[in-house]
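What follows is a single structure, written as C-alpha cells, with notes after it.
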Amino acid sequence: MGVPSEDVVVIQKAKKPGEPYVVTVNCPDKTGLGCDICRILLDFGLYITKGDISTDGIWCYVVLWVVPHYSSLIVKWSRLKKRLLSVCPSWSATFLLNEQYTCSSSSPVYLLKFFCLDRRGLLHDVTQVLSELELSIQKVKVTTTPDDRVLDLFFVTDNRELLHTKERQNEALKQLHAVLGESCITCELQLAGPEYECHHGFTSLSPAIAEELFRCDLSDEEIHSQALSPDMTKLKKPSVTVDNSLSPAHTLLQIRCADHKGLLYDIMRTLKDYNIKITYGRFSPNTKGYRDLDLFIQQKEGKKIIDLEKQSALCSRLKMEMLHPLRVIIVNRGPDTELLVANPVELSGEGRPLVFYDVTLALKTLGICIFSAEIGRLSASDREWEVYSFLLEEKCKFQLSSTVGRNQIVDRVRRTLMGW
C-alpha cells in the first residue's frame, strides 16, 4: 500500500510575494535522496532558505523552503513536482511507466545544430532558451568562423522525454528561432548519431594546467589563479566538526560556512559519494552570510563514524567542497586566452546543473564574446570532472594578457556561479 502521488510531493505556494514556497517530499528512503532533491531544485533555479530532513531508515520526510535565485525567474511548479516524483523510490517506477519521464542519464541524446551570424551574448541567450525548455546540455561544440558566423552543436536530453514528438520539436525550434531572429541561417534538431561519440571526449589539458585546475590543496594563503578575492577570503572559513557523544547510534556533523548557490547540494552530494545516510538534519536560514547545519548521520551499514581517519577525510572533503565547489582559471592556449571551469561529477554520473548557463551569463554581462566553447569530462585526482572550456575574444574592455584583467574575469565568473 503506497502513498497517493499527490501526497508524495507537495508544493505549498507562497502566501505573499517574496515569501518562500514550501516543498515537502514524503516517500521511502534511499541513500542520496537528499542530493537528488537538491540537484533538481538547483536545476530549476531555486534557492533553499532553510530545511528539515528526517528518516527512520525506511521512510523519509523532507521539508524545504525555497525561493527563485532571480526575481525574474518564472518557475514551472508543476514540472518541478514531476521531476521530484521521478527520483522518489517505489512510486517513481510507476511514474516512469505512466508519464514517460526519466532521468537525463538514460534519455536519448538529440543534436541541436544551428548556423547564424554572431553577436555578443548569443550563446547565453540560446542557453537560456534551452533551460526554459527543460533541455539539459550534455555536450557543446561552438565554433566561430572568420566571417563572424557561428556553428553551434548542442547535444541535449529532454527532461520531459517528449523530444521525439513533432510537437515538442516544433516548440523548441520556434523558441530558438525567436531568440536567434533574422541572424539565423539554419537551425536543425535531430536524434544524435555517431557524431555524439566523436564529440564525447575533451581536448586534453597540459599537465601544468591540469595540476592547477584539479589540485587538491587550494589554500588561500598561496598565490594562484583560483585564490579568492580579498573581500571574500575572511568570509570563506568553513567549520566542520564531528561529535559522537550525543547519540548512541549516530554521529553529529556540525557545519558552519559561508552561503553560496547550491550549498546544500554540495554537502549532500559529498555525503552521497561517501555513502553516508542522514537520519535527521536541519539547515538554518542565512545569518550575515553564514549557514549552519546540524546533521545526524550514519555509515551505509547503519554504524557511527568512529574511525578518526574516516572522520578526517570526510571533514576535509566537505571543507574543500564548500570553499571551492567549482574551479575557475584562465590560461593560455597557444595564442588564445582560455577560460576553464570545472566541477566534480557525482559517482552516479550526474553533473552540476546550470554551470554553462551561469558562465555564459557572466561573460555576457562583462561584454566578452566567446570564440569557441566545449564541454567534456576528464578524470583527475581520483575523481571525474566536468570541464567547460571557453576561448575568449580579445576585443573587449579587459586586457586578457594582464593578471589584473584575468583576475577580474575569474572573480566575476566565480561570483555568478556561487550566487555572491
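Which length gain, in nm to one decimal place, applies between V179 and S348 when the Cα-Cα distance is subtracted from 0.36 nm times their residue separation?
Details: separation 169, 0.36 × 169 = 60.84 nm, distance 3.44 nm.
Computed gain between V179 and S348 is 57.4 nm.
For D292 and T365, calculate 0.36 nm times their separation in residues minus their Cα-Cα distance, and state this gained length in nm to one decimal. Before the final figure, lay out the partial values.
Values: separation 73, 0.36 × 73 = 26.28 nm, distance 3.20 nm.
Here the segment from D292 to T365 would lengthen by 23.1 nm.
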Normalised Cα Rg of the stretch 298-420, dividing by 2.2 N^0.38 Å with N its residue count, works out at 1.28
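Length gain on complete extension for the stretch T241 to L117, per 0.36 nm per residue less the alpha carbon to alpha carbon distance? Please list the in-between numbers first.
On the way: separation 124, 0.36 × 124 = 44.64 nm, distance 5.41 nm.
Full extension from T241 to L117 adds 39.2 nm.
Go ahead and run the numbers for FRET between V63 and S312, Cβ-Cβ distance against an R0 of 35 Å, rounding to 0.05.
0.65
Would you please put 32-41, 237-246, 127-136 in order of how densely packed they are, using the mean number of other Cβ atoms within 10 angstrom per residue and starting with the highest? Please report the intermediate quantities before stating the final value.
Numbers: 32-41: 23.9, 237-246: 13.4, 127-136: 19.0.
By packing density, highest mean first, the sequence is 32-41, 127-136, 237-246.
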Computed for the stretch 3-83: size of charge dipole around the Cα centre, +1 on C-beta of each Lys and Arg, -1 on C-beta of each Asp and Glu, debye to nearest 20, value 420
The farthest towards the positive end of the charge dipole of the stretch 271-372, of the residues I329, C369, P285, given +1 on Cβ of Lys and Arg and -1 on Cβ of Asp and Glu, is P285
Expected sort for 285-291, 324-330 on mean C-beta neighbours within 10 Å, highest first, is 324-330, 285-291
What helix-only [θ] at 222 nm does the chain give? Using -39500 (n - 2.57) per DSSP H run of at least 4, over all residues, to the nearest 500, the answer is -9000 deg cm²/dmol
P(r) of the stretch 351-399 over all Cα-Cα pairs, 5 Å bins starting at 0, rounded to whole percent, reads 5, 18, 25, 20, 15, 10, 6, 1
If each part is reduced to its alpha-carbon centroid, the stretch 350-372 and the stretch 16-45 end up apart, in Å, by 25
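When the accessible area of the chain is split by element with a 1.4 Å probe, what percent falls to carbon and sulfur? Could you put the intermediate results ahead of the total?
Details: 10320 of 19250 Å².
Accessible surface attributable to carbon and sulfur in the chain totals 54 percent.
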PRE zone check, label point 7 Å out along Cα-to-Cβ of S401, amide N under 20 Å, scope the stretch 310-347, hits 330-339
Note to self: Kirkwood Rh of the stretch 1-67, Cα pairs, one decimal, Å, is 12.6
For R79 and N26, extending 7 Å from Cα along the Cα-Cβ vector and measuring point to point gives, in nm, a value of 2.8
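The values are calculated or read from the model by the stated rules, or taken from the named source; none is laboratory data. Everything quoted here is computed from the prediction, not taken from an experiment. Don't worry about glycine lacking a Cβ; one is built from the backbone with ideal geometry, like all the others, and counts go over all protein chains shown. In case anyone asks, the SASA skips ligands and DNA or RNA and just uses the protein heavy atoms, side chains included. Shrake-Rupley method; radii C 1.70, N 1.55, O 1.52, S 1.80 Å.
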